[in-house]
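Written below as structure tokens is the structure these notes are about.
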Amino acid sequence: MVGFSIFLGGLVRVDIIKALPCTRLTFYGLKSLQIHMVPTEEADEFYQKEIGNLLTPPTGKERAETWNGLETERRLQLRFNDPNRPSSDIAISGLGWIAVEPIIKGLCTSA
């Protein structure tokens, strides 16, 4: 997962810079908001190419041309201090949230 970027439609981009080896991300939100995952090194080009197409909203070429794009950047560092509750949620106002959870070692299998 490290080195990948996840897009929630054309509205949100999450770059995974560092993560525990077995971390699960669960997205809760609008069913109509498609999720796309690409290598971070290709994310800028993917966004420019697919905004208004695969990455919607915005919908359509005309709206995509006037779209301001991704305007705000937030850097988050999550710490898992309580082994009884090893998860965190990232709220995305108006869209939903992402649950971040390290998977218990016994359940983790390497690909």
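Straight Cα distances below 15 angstrom link Lys49 to the aspartates and glutamates Glu41, Glu62, Glu65, with same-chain residues fewer than 8 positions distant left out. Note on the chain: GNM, Cα springs under 10 Å; of Gln77, Gln34, Gln48, the largest mean-square fluctuation is that of Gln77. The distance between label points at Gln34 and Asp82 comes to 3.9 nm (points 7 Å beyond Cα on the Cα→Cβ vector). Available extension along the chain between Glu45 and Thr59 is 3.2 nm, counting 0.36 nm per residue and deducting the alpha carbon span.
Taking Lys and Arg as +1 and Asp and Glu as -1, the other residues whose beta-carbon sits under 15 Å from that of Val100 total +2.
The long axis of helix 40-50 is offset from the longest Cα principal axis of the chain by roughly 30 degrees.
No value in this document is a laboratory result; all are computed from the given coordinates. Just so we're clear, the structure is a prediction, and the values are computed from it rather than from any experiment. Counting neighbours? That spans all protein chains shown, and the Cβs are built from the backbone with ideal geometry, glycine included.
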